[in-house]
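The values are calculated or read from the model by the stated rules, or taken from the named source; none is laboratory data. This one's a predicted model, so the numbers in the text were calculated from it and none came from an experiment. Glycine gets a Cβ as well: all are built from the backbone with ideal geometry, and neighbour counts include every protein chain shown.
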Amino acid sequence: MSDAPALLDPAPQVTDATSFAAATDASAAQMADLQAFAALLAEWNEKMNLVGPSALAEFWSRHAWDSAQLLRLAPQAEVWADLGAGAGFPGIVIAIFLKGREGAQVHLIESMTKRCRFLEAVVEALDLPAAVHNERAEDLKLVVDIVTARACARLVRLLGYARPYLKGGATGLFLKGRDGTAEIEEAKAAWIFDYSLAPSLSDSSGQIVIVKGTVRER
C-alpha cells in the first residue's frame, strides 16, 4: 500500500440539486444535463428496473455526488472507462462534467444489452462525449487515463476486469462502501497490487480504492 493522497476538503453536505451544484461547482448547463439524466433514469426505470426506488430518491445526495467526487481525484484525466456502467453511475455523470472538453471521452462498458440501450439513449439525448460498449470489460483493448467502477463486483474480481486497462497505464478509481477494507484483504490473497485510499465524500463509511501500476496474480 502506498501513501494515501492528502485529505480532500471537508466533505460538503449534499442533500439536493442546490447543494450538489455548490459542492461540485457545476454550471447551469451541467445541472440541466443532470436533471435530464435523472428524468430519463426515472422514465426507463419503470420498464426495466435499472435501480431501486431509493436510488431515485437519493439521486443527488448519494449517486450523483458519489460519481462526481471522482473528478477531484483526477481533474486532468480526459479518457475514462466505466466498467459495469449499468444505470450510468459514475460514467454518465463523469461524461456530463467532461462535455465540451477537447479530447474527452468516456467508455461505458456494460455486458447487459438492455442496460446498454438505456445508456445509448442518454448519451444521444444529452450529446455526451461517450461511447457504449456492449461487451465484457476484459475483452476490450482500450487505452484510458482512468478506469473506474461502482457496484460492479467485489475488488478481487474487479481487478481482473480492470487488469488490461491498468497494464496500459490507467489509474483505477474504485468506489467501495463499508466492506471496502474486507474486499482489499480478500483481493490481496489473489493479487499483488499497489494501492492507496481516499475517503468518500458522499458516504462517511465508504472509500475510494486507488490502484496504480501492473496487477499481478499471486
Selection over segment 113-137 where residues are modelled with pLDDT of 95 or more, within 17 Å of the chain's Cα centre (by Cα) and among the hydrophobic types (A, V, I, L, M, F, W, C) yields a count of 9
Residue set ALA131, ALA149; condition touching a His at 6+ places or on another chain (Cβ under 8 Å) and part of a strand (DSSP E or B); output residue ALA131
Inspect all residues belonging to segment 54-75 and state whether any of them is touching a helix residue (DSSP H, G or I) at 6+ places or on another chain (Cβ under 9 Å) and farther than 20 Å from LEU175 by Cβ. no
By residue number, the members of segment 176-196 that are under 15 Å from ASP66 (Cα atoms) and in a strand (DSSP E or B) are LYS176
Note: among GLU124, GLU138, just one is under 20 Å from LEU50 (Cα atoms) and either out of contact with any Pro (no Cβ under 8 Å at 6 or more places or on another chain) or outside any strand (DSSP E or B) (or both), namely GLU124
When (1) in contact with an Asp or Glu (Cβ under 8 Å, 6 or more places away or on another chain); (2) free of Cβ contacts under 8 Å to residues at least 24 places away in the same chain; (3) not charged (D, E, K, R) are applied to THR148, the one that fails is (2)
Taking segment 16-59 and keeping only residues that are of a type in the set (Val, Ile, Thr) and either touching a residue at least 60 places away in the same chain (Cβ under 8 Å) or exposed (fewer than 12 other Cβ atoms within 10 Å of the Cβ) (or both), one is left with THR18, THR24
Among residues of segment 170-185 being touching a Lys or Arg at 6+ places or on another chain (Cβ under 7 Å) and not hydrophobic (A, V, I, L, M, F, W, C), the residue modelled with the highest pLDDT is THR171
Residue set LEU201, LEU158, LEU140; condition modelled with pLDDT of 95 or more, under 25 Å from GLU78 (Cα atoms) and surrounded by 13 or more Cβ atoms within 10 Å (Cβ to Cβ); output residue LEU158
Per the filter on segment 110-121, residues in a helix (DSSP H, G or I) and either in contact (Cβ under 8 Å) with a residue 40 or more places away in the chain or crowded, with 17+ Cβ neighbours inside 10 Å (or both) are LYS114, ARG115, CYS116, PHE118, LEU119, ALA121
inquiry  = Can you say whether PHE97 is more than 14 Å from the chain's Cα centre (by Cα) and either buried (at least 24 other Cβ atoms within 10 Å of the Cβ) or assigned to a helix (DSSP H, G or I) (or both), as far as the supplied structure shows?
reply    = no
